[in-house]
Structures are given as structure tokens and as C-alpha cells.
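Taken together, the values in this text are just the output of simple stated rules run on the coordinates, not laboratory data. The model shown is predicted, which means the values in this text are computed figures rather than measured ones. FYI the Cβ positions are ideal-geometry reconstructions off the backbone, even for glycines, and counts take in every protein chain you see.
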Amino acid sequence: MNMIQLRLAFTRSVRNTALCAAVALASAAVRLAAADPMSDTFQPDVFRTREALKQRTPGLEDPFGRMCHIAAEPLRLPAAVDIALCRNPATRSAWAAAHQQAAALGSAESAWLPTISASDSETRTHGPHVDATGAEVTSAQNTNDAAASLSWTLYDFGARGGRIQSARALFDAAAATASSTVQQTVFNVVQSFYGVVAGDAALVAAKSAENAAARSVDITKALHEGGAAALGDVLQAETAYDQAVLARVQAGQTDKSAIAALAVTLGFAADQPLKLAAEPVPADVPTLTARMEDLMAEAMRQRPDLAAALAQRDAAVADVTVARAAGRPSISVLAGRIRIDTTGIPLQNYNQIGVTVTVPIFSGFNVGYGVRQAQGALEAREVNAEQIRLNVSQDVWNGYYGLESANQQLGATATLVKTALLNQEVAVGRYQAGVGTILDLLTAQTAAATAQQTRIAAEYNWEVMRASLVLALGRLTGAEPLSGNAVP
């Protein structure tokens, strides 16, 4: 083999190697695209944004990756809350938005690093043409063009830093929004859970009232047959019975709707069978001892929706900086390594380095209006944060006095039920003895049924108002803040 043949063989070997490398890179890209998008192996979290999300949501568990099943035993409130925080679509959506914003922060922070790219091409030219030296060539030429380049922004008058600051603030807002959504989901579970408990109790009370009305019908019929009661008494008793039957049917429908609402809140279909095990309302409920101003201050510190609004305002402040920097110069450094191998032409193999200064001169007043737009967005977010601050104060106020009223209603209805049931028994005895009227009996039965329903509503309201106050304070991250004497 002579020298020319050796050089041609070497050149083809280099070209084949380059082509193989390009094929290998393309194959790797295909494998990367087909890989699990959440895999850290293919998408390393260099800027540790996932860890940052955990730090911004202390005490909360990310639902993605969890197995969410309902147990066979009766469902208690803590288990129901845990299932909802794992399956509820609103909660999962908020966490997904937080993941997205965490990735957006990492993308923004990547602007601190240089951009490096590489390319390789293999070209064969046929027919008469002018080569790179300016000479006319008629024979075929093979050209291998390989290059690696680097671009790095050194300074842009705050545009890059502003974008990162905005992304970080939006990340904080997304994490706070996830926390707020978690707390709202817990509150919805409490409402739905005790809605089922109240529905079950109301159905039992309605059946009891129906049985009492049926008993009155039997008593009036017996007295009428013995000549001790008029036909009108029988008809009034039967009317009251029909009304009790209707009330029981309505209570059954309400109970089924409550069960479906709880199932959907937990993230299941409405036909999911549920059996609950609720803790009874304590005989003695703790009184409220915390001062209103202390609760207000705590809520201002802890409410995640207010924190999200303030973070969005901070992002708007950074966006103003970015908008102003759009009209200012930027400085970048460029570097490259280029290799061009063409048949019949000396090999070109050289380096490049340079500095680029970009100075915006005129953009059709786009920069000025962009700044005004950013300032308008900032004003809107400041107003939104102030509105949420006012809403927080109102939520605490309503939650505090709502719970105070619920405590008093529990005490009042406990006595009311005992008195009403006793009055019903007395009215039945008086009517059977012939010293009472049918109107007295029916009135007593109606009062007893109303008292039982009022008690059920009072118990439900007490459970919900406890959760409402804890939610207003920003503490309702799970069922634990509702246990014992945790409520102020």
C-alpha cells in the first residue's frame, strides 16, 4: 500500500468513526426519549429542586408514587384524610403544578451555566463545483465537518438574575398553593365525613320518629274502636305517620348523597361502598381561651394561601427587573473547535474564541410598554395579596365565633333532646289515659323529632366549625390538629 492509499484509508476510517459516533449519539437520544421521564438516571436534578420542594412543604407527603387503597375495616377520619391526600384530584393537581414550577426554577438557574453543543456532518459533492479554495473541481469530493461550540452569557444587567428570582418566587407560590390545597382537601374530608355521620344519624332519627308515629296510629285506632277517641284523632295520627314516612325517605336520600360526596372527595367513584367509624362528640367540649389578636397574628404567619399571594407579588417585582433589562446590553463569550476534512484540500483544524456585546438600539417602544405591563401585573398582585390578607382576618373571626356558638349549641341541644323525648312519653301516657288530646300528642312527637334533628345538626356543626377555625389558622395539614384539645 502506497502513501496516498494509506492516507485515503485513514481518512475514511476517521469519517466512519465520526459517523459511528453520530449514530451512537442519536441512538442514545432515542433511548433517553423513551426512558422514564421521572427517572433521575436520565434527568438528574442538579439544582436539587425536588429537595427544595420537600423543604417548602414540611409535614406534607407528595402523593405521586404512593399506593392509595382503602382498607377493609371501618373508615376513621385520619384514614379518610390520608386517602384523600393521596387520591383527591385537586390535591394531586396542586402537587403536579409544584413539580412543574420546581422544574421551571431549575431551568431558569441553568442560565448560569454555559451552553455546549457539537455537530458532525459528512457530505459528498458530485459534478463540477467550486471548492473551499476557490478552485473549480470536476471530481467528486467528500467533506467531513465537525465542530464543538460554547456560549456563555457573562452579564446582562440583571435579566438572568431577575428571571431566576421570578422563577424562585413562583416556585414558593406553587409550594404554598399545594399546602393550601392540602388543607382545603382535609377540610372537605371533614365536611363530607361528618356529613355522612350526620346523614346516618338523621336517618336513624327519622326511622325512630316514624315508629313513634306508627305507635300513635295504633293507639288512636284502639281507642277509637273502644269508643274513647274520635275518628278525627285517627285521621290526624295517620297524617302525621305519612309525614314521618316521607321525612324518612328524604333522610335516606340525603344520606346516600352524603356517602357519594365523601367517596368523590376521597378520590373514588360515587358508588364506592363506605363504612365509617366516627368518634362520638365528647360530653364536655373545651372552651375557647385564645385571644383573637393572637389567632390573627398566627394566621397571618401560617396561612399558605397568603404566603402564595406574597410570593406571586415577589415574582412580579422580579419580572419588572427582567422587563427593564430587556432594553440593556448583554455580554457573552463564545468558543469553538472546528475540524473540516475535504478530499484534495488541506485539513482545517482550528479553535475560535470571542466576545459578543449586544446593544438594543430601537425595538419600537416594546421595552417601555413591557415595563409598564410588568408594573401593572405587580400592582394587581399587590391588591390580590391585600385582599387575601383581609379574607384571612375574616376567616379567623368567623371560625372563632362560629366554634364558640357551636360549643353553646351542643350544651343546649343535649338538654333539649332529653326534655323533648320525656315530653313525648308523657303525652303518649296522657292520651292513653284519656286526659290528653291528639293535638298534644302530635305536637310532642313533632317536638321530639325536631329536637333530635337539631342535635344532629349541632354535632355536625361543631365538628365542621372546629376544622374551619384550624383551617383559618393554617394548621389543617391533616387530622392530627383536630384531635384532643388541639383546637384553641
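Treating r as the C-beta distance of residue 214 and residue 412 and R0 as 30 Å, the FRET efficiency rounds to 0.50. Note on the chain: helix-only mean residue ellipticity at 222 nm, from DSSP H runs of 4+ residues weighted -39500 (n - 2.57) and normalised by residue number, equals -23000 deg cm²/dmol. Note that the range 116-130 has calculated 3J(HN,Hα) couplings of 10, 9, 9, 9, 8, 9, 10, 10, 10, 10, 10, x, x, 7, 9 Hz, one per residue in order, obtained from phi through the Karplus relation 6.51 cos²θ - 1.76 cosθ + 1.60 (θ = phi - 60°); glycine and proline are x. Among 145-158, 186-199, 344-357, the peptide with the highest mean count of other Cβ atoms within 10 Å heads the list, and the full ranking is 186-199, 145-158, 344-357.
Around the Cα centre of the range 147-285, unit charges on the Cβ atoms of Lys, Arg, Asp and Glu (plus for the first two, minus for the last two) sum to a dipole of about 740 debye. This model, with +1 at the C-beta of Lys and Arg and -1 at the C-beta of Asp and Glu, gives the chain a dipole about its Cα centre of some 1480 debye. The candidate values were (i) 78, 28, 18; (ii) 100, 33, 23; (iii) 58, 27, 21; the one computed from these coordinates for semi-axes √(5λ) of the Cα gyration tensor in Å carries the label (i). Counting only DSSP beta bridges with both residues in the chain, what percent are antiparallel, rounded to the nearest 5? DSSP beta bridges in the chain are roughly 95 percent antiparallel.
Under a Cβ-Cβ cut-off of 12 Å, what is the net charge of the residues other than residue 449 that fall near it, where Lys and Arg count +1 and Asp and Glu count -1? It works out to a net charge of +2.
What value does the range 288-366 have for Rg/Rh, both radii from Cα atoms and Rh as Kirkwood defines it? Expressed as Rg/Rh, it is 1.46.
The residue among 461, 384, 443 whose Cα reaches farthest toward the positive pole of the charge dipole of the chain, with charges on the beta-carbon of Lys, Arg, Asp and Glu, is 384.
For the chain, hydrophobic long helices are taken as DSSP H runs at least 18 Å long by C-alpha position along their axis with mean Kyte-Doolittle hydropathy of 0.0 or more; these are 3-34, 159-225, 231-266, 304-325, 438-473. For the range 186-245, a crude dipole built from +1 on the beta carbon of Lys and Arg and -1 on the beta carbon of Asp and Glu, taken about the Cα centre, is about 160 debye to the nearest 20.
Legend: calculated FRET efficiency, residue 250 to residue 107, from the Cβ-Cβ distance at R0 = 56 Å, rounded to 0.05, equals 0.50. Once the dipole of the chain is set up with Lys and Arg at +1 and Asp and Glu at -1 on Cβ about the Cα centre, which of 148, 476, 431 lies farthest towards its positive end? Value: 148. Say the dipole of the chain comes from +1 at the beta carbon of Lys and Arg and -1 at that of Asp and Glu; which of 195, 406, 312 then lies farthest toward its positive end? Looking along the dipole axis, the top candidate is 312.
A protection proxy built from the mean count of other Cβ atoms within 10 Å ranks the segments 56-62, 212-218, most packed first, as 212-218, 56-62.
Count charges around residue 98 for me, please; just the other residues with Cβ under 9 Å from its Cβ, Lys/Arg as +1, Asp/Glu as -1. Its environment carries a net charge of 0. When only alpha carbons are used to place a centre, the range 355-388 and the range 419-488 end up 58 Å from one another.
Taken over the Cα atoms of the range 39-113, the convex hull encloses 99 Å³ per residue. Protection proxy ranking of 131-140, 102-111, by the mean of other Cβ atoms within 10 Å over each peptide's residues and highest first, is 102-111, 131-140.
Relative contact order for the chain: 21 percent, from Cα pairs under 8 Å spaced at least 6 residues apart, divided by residue count.
Cut-off is 10 Å between beta-carbons; in what order do 67, 300 appear when sorted fewest neighbours first?
The order, fewest Cβ neighbours first, is 67, 300.
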